[in-house]
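Colleague: Sending over a structure as structure tokens; questions will come in a sec.
The values are calculated or read from the model by the stated rules, or taken from the named source; none is laboratory data. Since we're looking at a predicted model, the values are computed, not measured. So basically every Cβ, Gly included, is an ideal-geometry build from the backbone, and we count neighbours across all protein chains shown. The area values use the complete protein model at the heavy-atom level, side chains included, leaving out ligands, DNA and RNA. Shrake-Rupley method; radii C 1.70, N 1.55, O 1.52, S 1.80 Å.
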Amino acid sequence: MSPARRATIEFLLDNLVWLMLIVVLAVFSATIPNYFQFGIFANIFEQSTFVGVMAIGLAIVIIAGNLDLSVESTAALSAMVTGMLFASSGVGMGISFSPAWLMPVVSLLIALAVGGIIGFLNGFFVIRVGMSAFIVTLASFIWVRGLVVAISGGRSAQNLAPSIRIIGMEDILGVPLLAWISVLCFAIFAFVMAKTTFGRYITLVGGNKDATFRAGINSDRILWSSFIVAGVLAGLAGWLLAIRTSGATANLGVGMLFNAFAAVVIGGVSLKGGIGKLPGVYAGVLLLYSIHTAINLMGLPAHFTQMILGGLVLAAVLLDTFKLRLREKLL
Amino acid sequence: MSPARRATIEFLLDNLVWLMLIVVLAVFSATIPNYFQFGIFANIFEQSTFVGVMAIGLAIVIIAGNLDLSVESTAALSAMVTGMLFASSGVGMGISFSPAWLMPVVSLLIALAVGGIIGFLNGFFVIRVGMSAFIVTLASFIWVRGLVVAISGGRSAQNLAPSIRIIGMEDILGVPLLAWISVLCFAIFAFVMAKTTFGRYITLVGGNKDATFRAGINSDRILWSSFIVAGVLAGLAGWLLAIRTSGATANLGVGMLFNAFAAVVIGGVSLKGGIGKLPGVYAGVLLLYSIHTAINLMGLPAHFTQMILGGLVLAAVLLDTFKLRLREKLL
Amino acid sequence: QDKGKIYYMVPTLLDEFQTESVSAIESFMGQVGYEVETLNADNKTDVQQGQMDTAILTNPKAIILAAVDFNALAPYIDKAREAGVPVMIFDRQITSTESDFTSVAGTVEIGHVAAGEIQRLLEEKNGEVKGKVLQVLGDPGDPYTLDIQKGFEELMADYPDVEIITKPAMQWEASNAGSIVADQLLANPDIDLIFVHAAHLAVAAVASLESAGKQPGDVMLVSSNGAPVGLDLIRQGWEQVEVEQPLYAQAAALAMFADKVANGEELEPGMYEVLGLESELTIEDWGPDLKIPGAAITPENVDEARFWGNLKAPEGPIEPVK
Amino acid sequence: MTDGEPLLKLERIKKHFGAIEALRGVDMTVSRGEVVALLGDNGAGKSTLVKIIAGTYPPSSGRLMFEGEERYFASPKEAKAAGIETVYQDLSLCTNADVVANFFMGREITKRYLGIPVLQEREMEKVVAEAMRNAGTKIPSLRVNVENLSGGQRQAIELNRFVHWGGKLVVLDEPFAALGVEQTRRGLEMIRRVAAGGIGVIVITHIMEQAFQVADRLVVIRQGAVAGDLKREETTPEKVIDLITGGTLSDAGTDGDGGNSDPAYQREKTRL
Amino acid sequence: MTDGEPLLKLERIKKHFGAIEALRGVDMTVSRGEVVALLGDNGAGKSTLVKIIAGTYPPSSGRLMFEGEERYFASPKEAKAAGIETVYQDLSLCTNADVVANFFMGREITKRYLGIPVLQEREMEKVVAEAMRNAGTKIPSLRVNVENLSGGQRQAIELNRFVHWGGKLVVLDEPFAALGVEQTRRGLEMIRRVAAGGIGVIVITHIMEQAFQVADRLVVIRQGAVAGDLKREETTPEKVIDLITGGTLSDAGTDGDGGNSDPAYQREKTRL
Ligand SMILES: Nc1ncnc2c1ncn2[C@@H]1O[C@H](COP(=O)(O)OP(=O)(O)OP(=O)(O)O)[C@@H](O)[C@H]1O
Ligand SMILES: Nc1ncnc2c1ncn2[C@@H]1O[C@H](COP(=O)(O)OP(=O)(O)OP(=O)(O)O)[C@@H](O)[C@H]1O
Ligand SMILES: O[C@@H]1[C@@H](O)[C@H](O)OC[C@H]1O
Ligand SMILES: [Mg+2]
Ligand SMILES: [Mg+2]
């Protein structure tokens, strides 16, 4: 096989999920009425934002060799805090101050801090106490959602302050600002993971923690940072969710965890740790929401939605799995 | 340190979770009104049955180095199938035949088969196709629950045939028959895991799959069996659930997964695979339901129960984590 | 006066109806002399089954059950009653076994009320009952939403010119509802009206409408359960109708009949006034059943205190039924 | 020490991993009762060849003849069934299990009760204790998990378990790398004993002394191909080293007609 | 080659794991520019001692003096900061990363842009290529993941990376176990070169030739305690082997007054 041909195949395999995305979009566009229009693509873009941002953090934790099942609840908490502070109806307290541009900034910082604290706690139990990340973050998944119920009394907040809400209304080139925010996040973190020592260490720690420890890398700090980053990004996702919902409900975000995991895996991140690239994850998220949107448009009986979604996701992951075999076969 | 003293400490540490169970029961009995009565203990016993049976299979899959997130949905499916076939109202079709004693037998076999099939499919995707167990069983968690909704139309089946239902009504020594069933399951599988080659291979495969493969052990068959066993036991749990509920509902068993995982981890099974013993898992289940029952009796404000439950579970797992440190310190 | 303890089995606290029901029941029962302890099942059937088991052992005066699932708790109702603990059914009707008292608005009936209102709204807009309606369910596995759907579609069946598109928001999650609305607005730009099965779903629906550049009223919105957020949306003009579940009356009825139920007295069929609502008690196969009419909340009456969404629980002491 | 038809015959075995050609057509034989030392530089392809013989992975092309028949081993299980025992370079132990469980991995002693195979721990422990004693390896307790053992202790378990299973061909990939002086001596002795029993042995090592002490024949692999196949008596360590490194001392050919080089020089060089 | 105060001084170092006493009071010194071979049977406690020096785990009791001061290294990071470089027996590579990433693990070459440290891949690759060339190790591509490398190739990465970081004391735990003949020769040379630069070296090996070729002093550990501490010139391989195995050739004492044993016999024995 010629080196050039090999290189082409390598490239295609490395970017298989993007290829899949294109194929899937083409198929849906051709077969589902109303699918092929700019607005739908903009919707997919926008709907991917929340899980997308969450998935970045999740992917980082997973590449570092752990797991974070709490991102969904963390996002919900951050959304609820944002809603309670800055929405004016329901349980919203309608805090407001001027200048108006400070409102989004302050609310964002609070949301990120909320996420960061949960991430910190997860990190504490996993790294300092030495518990398994699975069980720690599973517990967080439960108690953080419980906290949402506790602080909101199970009620919702709505009418987010317009100065914050505006972020959910604006668009650039016809694509909602919210969507651009996730693109930006992906760009930044893809760079961090690929080009900086932090990213390098995340990968190395995920490959062999002992080796990095012996090499004098503060592997605990790296792991801890990964949890905090995941928390902060979940906080951001929650803030964005609150903006989109113009408030928050006690069960906001329920079910997103599954989507985030699916996206991460479809995107080529290995749950064993040490392997994965963020651009693939973004493609995974987009693929997933292309499917969701297709289901929303397809006119299926409601009873079957869940089965079909589960099946399609499995199929998407399956394709990614075949990558390995293809590589063996083709190269 | 004298060898005798060391042996005692070893023994206590090895059985720390039983110790914890006793302490917790004593504390609750002393502090919570109504807790100290035979009926409560029988209840704890009975409530532990479903998650207990499920947890056996889960533990086996985990010891073998994988994960099965689908057990909860599998149990729900098996319960729904049992309900739809043998319950007489709702979506139940009320099939019945004589002699009456055949009914429980046949329904049980069907339930086990349903579980076995899901387990087989999980095994297929993980072992044959080579996908990650986490994502495969997460997808099953979704689509199997989706299947429950699809076949039932989201409705429930009630009035299970009395000849089956009887199993939920009988008791031996005042303890419900259901509870004895889980005790029996634990006894059988504890023996299998500790004393037979199958159990040995599960542990070895969970420790180093490559090594067992090289040693000529059919590691794939072992793994596949573990998934099937988990499925079958989830099927059994579902059958028991249907008996308890006298039918089935579309959301039956939701949330059991968390409890099963918590029990397995509290019971000392390592999520990294290769480590764990079933008796500990049973203690973990009992501990968990002692806590659940305590919370029900404690008179806490309802909004906070979920948080508190999450916290208590975390605390229980925490104690298990300290075992390692204690061991280092004491020995 | 201390007549003893009553358990309230609340199915979840993830929605506002349930949350408010806890305070209403605790307060009304307190007024008639009972102490209420609430157990949250967090939407888990087996958890609620365990709670029933435990509660029975403490020998309470009665158990108020709002079942996670309409039917899965039937064996436990039997068990409680065998143990001498009367069971009152709240909000989620159970017809598969006998209980001591039932206080519900009726889910199918909510669908009926919604259908009536939606027919009116469509007629007002299009001159006759025709158009496109997007119906957003809570979760395809939840009989509560399925019953509303059933009631709604039963009455809409008479109007073939109304096209109903039905989508499930999975697990009653608001942002899922938002996505459905966003996508459907593109696929079916001519949607006249959106009917969501809970007020908190309406919040996300409105946010999506807003993002799509709609003004209040461009697309009509109907929701059920009458939560505070729904009433707010009516005030803002986004929502036209909220189908009220008479939470306070449902809860008050429990208190009114508590003594009789606890003492095992016979209940008289007939009409009763519950917080000013004419309600009918009938004796059904599943025991005494009190149906309290739900109401349509519109911009005209939205501020009335009787709607629980205004969160003004009636002060006046509840009078036990003699 | 060898008889007519070879026990194992490899023909033009190739193996590539993507663009990397690990083996570029290897021919080689092993006879019954013969010890063949497989030598070669780091990355030459020795372990790859071992894994192909052991059934761990298939060759990209080429034939493998075992006992005169063409065979294809789809898994180590099949190779084992045919009588091939392998000790891998990267150890194959389950560190979460104890010494006994590792020693008997896949061939546990069991007794059937009601048809159920029940492990006979006591019997197994006896066997292991005996084997470790013979190997000269001290292990604090046979019930300790392997993760707590030293490198040499681990290697001793793997090296010694194969003896108990008999087999027809034994393949040892750097089995002494972590062993102590005495343990290595006993290991070499054991190889000769095994071969004397009619079993074919392939042993990989980087230490010339070991190779020359134990082998009947030396096969040198360089960059994925056989660079020399020599009888021990007909070659010298420095010639072999030249073959390994591709050095310019070109009189060390594949024909095996070793010259008479200066023993002192030889010793000097091979000590490294 | 040594000067006044030792670089590293261990005093009565003990380590137990539960009931197992791995080290029972070890005293030992290493001076600047001195190469000490640490010898001992499998399970003697060598690697345990290495890990204590490297900061991987703390001793149960005893003192560690480094450059004349009592030190306690809570982690390898601290030991490294103090100038101790370690190559472990069980390799410490991240097999999911490529050769360059592993070589530079923890000391990447970066350039700051806006304060953000950005990896300089090209520069790093050059350094690694050079180091591997010098070591005589061929690796198909430096961008290949380590999991695809042979045992010797892996060991070469670890052995050679330490040279680049300088340090004051280098601890090598069986660094040549998987290396080829030529690579081992170069490795031994490198050790001498490093020591000549004033760095102290501890090297563990089971091959007497290697020890005698490179070491100034030989320390033998038996069952967790020092059984002998001898100058190279004053002892012989067979004496050392006796010390290691606890054999009865009791004239090999800790005092270092080696006898004149028969060189032929010695050679015979040490070849194993
Ligand atoms: N973490 C541990 N837990 C329990 N025992 C241990 C542990 N680590 C080492 N040991 C025991 O301590 C003793 C010394 O082990 P160590 O690895 O230091 O030996 P070594 O001299 O390096 O041997 P080798 O030459 O085989 O590498 C051994 O008996 C080993 O079983
Ligand atoms: N799975 C793999 N993928 C890619 N390359 C591989 C793989 N396995 C081995 N190689 C390459 O094949 C070549 C031969 O490797 P092999 O392990 O057979 O060498 P070896 O002769 O055993 O060396 P050593 O003496 O160091 O153990 C090496 O260059 C190695 O990098
Ligand atoms: O308001 C509804 C309530 O009546 C029902 O019981 O649960 C779902 C809620 O939305
Ligand atoms: Mg090799
Ligand atoms: Mg060692």
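Colleague: Measure out, as a whole number of angstrom, how far apart the alpha-carbon centroids of the stretch C:66-108 and the stretch B:264-331 sit.
Modeller: 33
Colleague: With angles folded into 0 to 90 degrees, how steeply does helix C:199-211 sit against the dominant principal axis of chain C? Use alpha carbons for both and round to 10.
Modeller: Helix C:199-211 and the main axis of chain C meet at about 20 degrees.
Colleague: Another one. I'd like to compare C:261-270, D:213-222, C:194-203: which one has the highest average count of other Cβ atoms within 10 Å, and what's the full order after that?
Modeller: Peptide ranking by packing, descending: C:194-203, D:213-222, C:261-270.
Colleague: I've got another one for you. Does chain A come out rounded, prolate or oblate, given a ≥ b ≥ c as the square roots of the eigenvalues of its C-alpha gyration tensor, rounded meaning a/c under 1.5 and, failing that, prolate meaning a/b above b/c?
Modeller: oblate
Colleague: While we're on this one: Report the Stokes-Einstein translational diffusion coefficient (µm² s⁻¹, integer) for the stretch C:1-79, Rh taken as the Kirkwood radius over Cα pairs, at 37 °C with viscosity 0.692 mPa s.
Modeller: 259
Colleague: Starting from the stretch B:16-108, pick out the chymotrypsin sites (Phe, Trp or Tyr not before Pro) whose DSSP state is loop and whose Cβ has at most 14 other Cβ atoms within 10 Å.
Modeller: B:PHE36, B:PHE97, B:TRP101
Colleague: Across the residues of A:120-131, average count of Cβ atoms on other protein chains within 10 Å?
Modeller: Mean number of neighbouring Cβ atoms from other chains: 2.
Colleague: Next question. Let me have the 222 nm mean residue ellipticity of chain C computed from DSSP H runs of 4+ only, each contributing -39500 (n - 2.57), with the sum over all residues rounded to the nearest 500.
Modeller: Calculated from helices alone, the mean residue ellipticity at 222 nm is -12500 deg cm²/dmol.
Colleague: OK, next. What list of ³J(HN,Hα) values in whole Hz, one per residue of the stretch B:306-313 in order, does the Karplus curve 6.51 cos²θ - 1.76 cosθ + 1.60 (θ = phi - 60°) give from phi, with Gly and Pro shown as x?
Modeller: Running phi through 6.51 cos²θ - 1.76 cosθ + 1.60 with θ = phi - 60° gives 4, 4, 5, 4, x, x, 5, 4 Hz.
Colleague: Follow-up. Note the buried accessible area between C and A here, summed over both chains, with a 1.4 Å probe, in Å² to the nearest 100. Don't jump to the answer; show the numbers that get you there.
Modeller: Values: alone 12910 and 15470 Å², together 25270 Å².
It comes to approximately 3100 Å² buried between C and A.
Colleague: Share of the stretch B:153-308's accessible area from carbon and sulfur, percent, 1.4 Å?
Modeller: Heavy-atom surface of the stretch B:153-308 belonging to carbon and sulfur, 1.4 Å probe: 66 percent.
Colleague: Let me ask something additional. With chain E rotated onto chain D, spot the residue of E whose Cβ lies nearest the axis and note the distance in whole Å.
Modeller: E:ALA177, 2
Colleague: Taking the alpha-carbon centroid of each part, what is the distance from the stretch A:89-105 to the stretch B:190-262 in angstrom?
Modeller: Centre-to-centre distance over Cα atoms comes out at 52 Å.
Colleague: Relative contact order, percent, of the stretch C:176-283 when contacts are C-alpha pairs under 8 Å separated by at least 6 residues?
Modeller: Once divided by the residue count of the stretch C:176-283, the mean separation gives 19 percent.
Colleague: While we're on this one: Counting only helical runs of four or more DSSP H residues, what would the 222 nm mean residue ellipticity of chain D come to if each run contributes -39,500 (n - 2.57) and the total is spread over all its residues?
Modeller: For chain D, the value works out to -9000 deg cm²/dmol.
Colleague: Separate question: Among D:163-169, A:232-238, A:269-275, how do they line up by average Cβ neighbours within 10 Å per residue, starting with the highest?
Modeller: A:232-238, A:269-275, D:163-169
Colleague: Here's something else I'd like to know. Using label points projected 7 Å from each Cα along Cα→Cβ, tell me how many nm separate B:PHE191 and D:ILE116, to one decimal.
Modeller: So the two model labels end up 0.3 nm from each other.
Colleague: Out of residues 5 or more away from C:VAL243 or on other chains, whose amide H comes under 5 Å of its own, with H placed 1.01 Å from N in the peptide plane?
Modeller: Residues meeting the amide H criterion: C:SER223, C:SER224, C:ASN225, C:GLY226, C:ILE297.
Colleague: OK, next. Could you work out, for chain C, what percent of all Cα-Cα pairs fall into each 10 Å distance bin, beginning at 0 Å and stopping at the bin that holds the largest distance?
Modeller: Histogramming chain C at 10 Å steps yields 6, 27, 33, 21, 10, 2, 0 percent.
Colleague: Got the B:PHE38 label distances to the other copies yet, label 7 Å along Cα→Cβ, in nm, shortest first?
Modeller: For B:PHE38, the inter-copy label distances come out at 7.8 nm.
Colleague: Right, here's the next one. For chain E, give the percent of accessible area contributed by carbon and sulfur heavy atoms, probe 1.4 Å, rounded to a whole number.
Modeller: The C+S portion of the solvent-accessible surface of chain E is 48 percent.
Colleague: May I ask for the angle, rounded to the nearest 10°, between helix E:151-161 and the longest principal axis of chain E, with both axes built from Cα atoms and the value confined to 0 to 90°?
Modeller: The answer is roughly 80 degrees.
Colleague: Still on this structure, please answer the following. Sequence neighbours fewer than 8 away in the same chain don't count; with that in mind, list the aspartates and glutamates whose C-alpha is under 19 Å from E:LYS138.
Modeller: D:GLU21, D:ASP41, D:ASP242, E:ASP98, E:GLU125, E:GLU130, E:GLU147, E:GLU158, E:GLU182, E:GLU189
Colleague: In whole percent, what relative contact order does chain D give with Cα contacts below 8 Å and a gap of six or more residues?
Modeller: The value is 23 percent.
Colleague: Across peptide C:226-234, what mean number of C-beta atoms from other chains lies inside 10 Å of a residue's C-beta? Could the numbers behind the result be given before it?
Modeller: Numbers: counts 0, 4, 6, 11, 2, 1, 8, 3, 0.
Across C:226-234, the average partner-chain Cβ count within 10 Å equals 4.
Colleague: Further, regarding this structure: Using the alpha-carbon centroid of each, what span in Å lies between the stretch D:66-131 and the stretch E:98-166?
Modeller: Between the Cα centre of the stretch D:66-131 and that of the stretch E:98-166, the gap is 39 Å.
Colleague: I would also like to ask the following. Karplus couplings for the stretch C:220-234 from phi (6.51 cos²θ - 1.76 cosθ + 1.60, θ = phi - 60°), rounded to Hz, Gly and Pro as x?
Modeller: Using θ = phi - 60°, the values come out as 7, 9, 10, 9, 10, 3, x, 5, x, 4, x, 5, 4, 5, 5 Hz.
Colleague: How far apart are the B:ALA4 label points across copies, placing each 7 Å from Cα toward Cβ, in nm, shortest first?
Modeller: Here the equivalent label points are 8.4 nm apart from this one.
Colleague: Amide H neighbours of B:ILE275 under 5 Å, counting only residues 5+ apart in sequence or on other chains, H built in-plane at 1.01 Å?
Modeller: Long-range HN contacts for B:ILE275: B:SER270.
Colleague: When Cβ neighbours within 10 Å are restricted to other protein chains, what is their mean count per residue of peptide D:94-100?
Modeller: 5
Colleague: Over the protein assembly as shown, average the accessible area per residue using a 1.4 Å probe and give it in Å², no decimals.
Modeller: The answer is 35 Å² per residue.
Colleague: Measuring nothing but label to label, 7 Å from Cα along Cα→Cβ, what are E:GLU69's distances to the other copies in nm, shortest first?
Modeller: 7.2
Colleague: Enumerate the calculated ³J(HN,Hα) couplings along the stretch C:124-131 in order (Karplus 6.51 cos²θ - 1.76 cosθ + 1.60, θ = phi - 60°), each rounded to whole Hz, writing x wherever the residue is Gly or Pro.
Modeller: Working through the residues one at a time gives 4, 7, 9, x, 8, 7, 8, x Hz.
Colleague: How large is the Kirkwood hydrodynamic radius of the protein assembly as shown, in angstrom, based on all distinct alpha carbon pairs?
Modeller: Taking every pair of different Cα atoms in the protein assembly as shown, averaging 1/r and inverting gives 35.7 Å.
Colleague: Starting from the stretch E:115-163, pick out the trypsin sites (Lys or Arg not before Pro) whose DSSP state is loop and whose Cβ has at most 12 other Cβ atoms within 10 Å.
Modeller: Sparse-neighbourhood loop trypsin sites (Lys or Arg not before Pro): E:ARG143.
Colleague: Using amide H atoms built in the peptide plane, which far-off residues or other-chain residues are under 5 Å from A:ASP171 H to H?
Modeller: The list, which skips near neighbours in sequence, is A:LEU177.
Colleague: Sticking with this one: Order E:14-23, D:59-68 from most to least packed using the mean count of other Cβ atoms within 10 Å.
Modeller: E:14-23, D:59-68
Colleague: Related question: What lysines sit close enough to C:LYS322 to cross-link, taking a C-alpha to C-alpha distance under 30 Å and skipping anything fewer than 8 places away on the same chain?
Modeller: Answer for C:LYS322, where 30 Å is the Cα cut-off: C:LYS3, C:LYS5, C:LYS61, C:LYS79, C:LYS260, C:LYS291, C:LYS312, listed by chain and number.
Colleague: Separation between the C:GLU278 and E:ARG107 pseudo-spin-labels, each 7 Å from Cα along Cα→Cβ, expressed in nm?
Modeller: It works out to 9.2 nm between the two label points.
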